[in-house]
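Everything on this sheet refers to the single structure shown next.
Every number here is computed from the coordinates shown, using simple stated rules; none is lab data. Everything numeric here is computed off the predicted structure, so don't read it as measured data. Don't worry about glycine lacking a Cβ; one is built from the backbone with ideal geometry, like all the others, and counts go over all protein chains shown.
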There are 2 protein chains.
Amino acid sequence: MAQGKSGQGSRKDDAVEFGTIEAGRRRNMRQLLLRASRIVNRHVVEGLHARGYADLRSTHTTLLSNIDLAGSTVTTAADRAGITKQAMGRLATELEGAGYIRVRADPKDARARVLLLTRTGKKLMLDSLEVMAELEQRYAGSIGQDRLVAILGGLADFVEGAEQA
Amino acid sequence: MAQGKSGQGSRKDDAVEFGTIEAGRRRNMRQLLLRASRIVNRHVVEGLHARGYADLRSTHTTLLSNIDLAGSTVTTAADRAGITKQAMGRLATELEGAGYIRVRADPKDARARVLLLTRTGKKLMLDSLEVMAELEQRYAGSIGQDRLVAILGGLADFVEGAEQA
DNA sequence: CGAGTTAGTAACCTAAGCTTACCATAAAAA
DNA sequence: TTTTTATGGTAAGCTTAGGTTACTAACTCG
């Protein structure tokens with residue numbers, strides 16, 4: 001609960017210590033992450049649309065960036081992406097319907113369905129990599145390459161560290 | 001995760017250049033931000049619940065961390081938070097119903113509604129600041145204080161820079 | 001004073017994921 | 001070889017967090 005410091009406000013209603021509030025208000029980690037990811041998501045969608053992928057949403061890249069060229073199962077991709085297999089399965093259905101991936105049976109496991117890129121899907125993959133690369137360049141130009149790298153590296157470690165805990 | 005580029009690169013279907021894909025696949029900014037913010041959100045909720053605020057969701061701190069102690073209007077808080085006033089208005093309704101804030105008419109503007117913390121709300125504010133402080137300490141312990149600071153500072157500049165563009 | 005702007009609300013929509021429940025197959029145990 | 005348990009996947013529905021459109025009431029400025 002509250003930190004038991006002494007100095008307090010004069011009015012009854014203010015009988016709570018507030019020395020630290022303004023400090024805490026600045027750069028709230030939760031809010032920064034939220035806003036940053038909204039910004040990036042918006043930019044990714046814009047970039048994709050600008051390249052003619054009108055039917056794609058940014059989350060579709062979650063599948064793309066988590067399958068191997070040789071093909072990956074739904075569960076594997078989901079694990080890598082850090083989402084449930086149901087969520088990944090839905091992405092797969094959508095991308096399959098749009099012709100970007102095709103789904104093959106796994107010869108070693110009749111339960112598994114292997115996702116792999118079609119020709120169109122590979123083009124999409126390249127384009128989406130390009131979108132991200134352009135965005136990162138733009139961001140680097142704005143806040144500095146070194147700081148961007150620091151963010152990405154730090155975030156990667158953070159995510160990795162926090163997810164096994 | 002390796003699965004190098006050496007697969008079946010010779011088939012017709014693979015006639016697209018893929019040299020850069022593996023590189024792009026690592027540490028995707030969009031995905032990192034998304035996962036990191038999910039993690040932090042979850043931790044915030046856990047921390048709040050652990051302190052007895054069972055009825056709160058993490059987004060409620062979006063209001064808390066964007067109003068002044070002297071009171072702020074819905075629109076001001078929304079602007080600071082980077083969300084619409086409708087969204088902030090809803091948060092205000094919820095927090096008012098739960099007794100954490102109270103809403104007063106603005107003497108200078110009959111349209112405006114000023115949000116300010118109740119006694120309980122101030123306690124909540126302190127507790128939520130404490131939650132964040134603890135989390136940040138925990139994160140600093142995991143990835144290092146300096147890297148955490150770099151992330152927060154970098155993100156703050158990123159958000160600021162990107163939002164006016 | 002009237003035109004346009006701003007604070008706020010209401011109703012509905014969207015995105016992205018999660019939970020619970022279930023089936024079919026595979027792998028481990030008995 | 002059965003039985004049991006774990007795993008890949010799907011389905012249906014829920015949750016979170018926010019946005020869009022549309023509107024009212026009040027403010028501001030020429």
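Rank these for me by crowding, A:Tyr100, B:Tyr53, going from fewest to most other beta carbons within 10 Å.
Going from sparsest to densest Cβ surroundings: B:Tyr53, A:Tyr100.
If contacts are Cα pairs under 8 angstrom and at least 6 residues apart, what is the relative contact order of region A:46-165 in percent?
Answer for region A:46-165 is 20 percent.
For region A:33-83, what is the convex hull volume of the alpha-carbon atoms per residue, in Å³?
88 Å³
So if R0 is 22 Å, what FRET efficiency would A:Ala87 and B:Arg57 give, r being the distance between their Cβ atoms, rounded to the nearest 0.05?
Once the sixth-power term is evaluated, E becomes 0.60.
Calculate the tail of P(r) for region A:62-165: the fraction of all Cα-Cα distances greater than 16 Å, expressed in %.
65 percent
Over region A:45-84, what is the relative contact order in whole percent, taking alpha-carbon pairs under 8 Å and six or more residues apart?
Relative contact order here is 28 percent.
Amide H to amide H, which residues 5 or more places from B:Arg113 or on other chains are under 5 Å from it, using H placed in the peptide plane?
Those lying under 5 Å, H to H, from B:Arg113 are B:Val74.
Pick out, in residue order, every one of the trypsin sites (Lys or Arg not before Pro) in region B:97-159 that is DSSP loop and has at most 12 other C-beta atoms within 10 Å; say none if there are none.
B:Lys108
Please state, rounded to one decimal and in Å, the Kirkwood hydrodynamic radius that region B:22-118 gives when every pair of distinct Cα atoms enters the mean of 1/r.
15.0 Å
List the residues, sorted by chain then number, that are 5 or more residues from A:Ser65 or on another chain and whose placed amide H is less than 5 Å from its amide H.
Excluding prolines and chain starts, which carry no amide H, there are no hits.
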